[in-house]
Amino acid sequence: MSLFFKHPLDIEIRLAGEDKREHVDIKTDKGRRERYPLYLDGETVKGTVTIRPRDGKKLEHTGIKVQFIGSIEMPNDRGSHDDFLSLGQELAAPAELRHPETFDFEFKNVEKQYESYNGINVKLRYYIRVTVFRRMADVIRDKDLWVYSFRNTPDTVSSIRMDVGIEDCLHIEFEYSKSRYHLKDVIVGRIYFLLVRLKIKHMELSIIRRETVGTPPSQLTESETLVRFEIMDGAPVRGETIPIRLFLGGFDLTPTFRDVNKKFSTRTFLSLVLIDEDARRYFKQSEIILYRQ
């Protein structure tokens, strides 16, 4: 029956200045990409809601409400969600509608303490929800927006320097200029070969995001390779140096998140992988901190 049920009304949600506002292009759960209007912490969220009865029929309702909600959703955990922000306004008292009617709403200077995030097993979203209450079945419409959270530049910037070695076979040293990067930054580094007795075929550098959801003992961690590119093709020789220069601005990266509302965290790693002629892989990972500037 639900396949053939048609709501007796349309709900349109429009944000003020939406057409002129900056939008962000986000990859959704089903692999599609959606564009969302961008908001910042402390910014007012306002707009209009238009209710249109269908087929010229009168519409009886028991009230209309608009909410601004911030929620952390974990679809794989029985669809659980946690609303860390919920603001509401009553738009209309019980009445009859015979013609389209438009209502204004405004949520002033809203604190949006977390950045929006769409990950593997968790989603942090902000949205406007309009509910038309009816005796039979409520009608609900949502409209998502995206939030960026800017933080101060980290005070301390230290370099990363590590060794990779297999006794009497391989010894390399790699160094990155720093361990903290903003999302438009450039990773600069070098790889120095001290000892090479393996037949190295090529070398890759990857950026990996590790997402952790929940708390022990039911904690779930999954990794996703965001960037992978080849930095060397062919066998290196002792004393050779490979320079690294990776521009982050062209990739779909997110800041490092630490224990967001005690629900999830993300960590970012630079992974150096060497592959020999027998397809054996040797790798070393080092954590970096990403932030939005």
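The values are calculated or read from the model by the stated rules, or taken from the named source; none is laboratory data. Given the structure is predicted, the values throughout are model-derived calculations rather than measurements. Don't worry about glycine lacking a Cβ; one is built from the backbone with ideal geometry, like all the others, and counts go over all protein chains shown.
Checking 194, 270, 274 one by one, the residue that is buried (at least 17 other Cβ atoms within 10 Å of the Cβ), assigned to a strand (DSSP E or B) and in contact with a Gly (Cβ under 9 Å, 6 or more places away or on another chain) is 270 and no other. You will find that of 164, 147, the residue that is in a strand (DSSP E or B), touching a Gly at 6+ places or on another chain (Cβ under 9 Å) and either at pLDDT 80 or above or not charged (D, E, K, R) (or both) is 147 and no other. Considering segment 113-135, and only residues there that are β-branched (Val, Ile, Thr) and not in a strand (DSSP E or B), the residue that is surrounded by the fewest Cβ atoms within 10 Å (Cβ to Cβ) turns out to be 120. Consider segment 250-267 and keep the residues that are assigned to a strand (DSSP E or B) and basic (Lys, Arg). The one that is nearest to residue 171 (Cα to Cα) is 267. Selection within segment 92-108: residues that are in contact with a Gly (Cβ under 7 Å, 6 or more places away or on another chain) and over 12 Å from residue 68 (Cβ atoms). The member of this set that is surrounded by the most Cβ atoms within 10 Å (Cβ to Cβ) is 92. Scanning segment 167-178 for residues that are within 27 Å of residue 292 (Cβ to Cβ) and part of a strand (DSSP E or B) yields 174, 175, 176. Take the conditions modelled with pLDDT of 80 or more, assigned to a strand (DSSP E or B) and crowded, with 17+ Cβ neighbours inside 10 Å and apply them to residue 181. Does it pass? So residue 181 passes the test.
The residues listed here are 82, 55, 10, 104; of these, the one that is under 17 Å from residue 126 (Cα atoms), outside the structural domain of residue 212 (by TED's automatic domain parsing) and of a type in the set (Asp, Glu) is 82.
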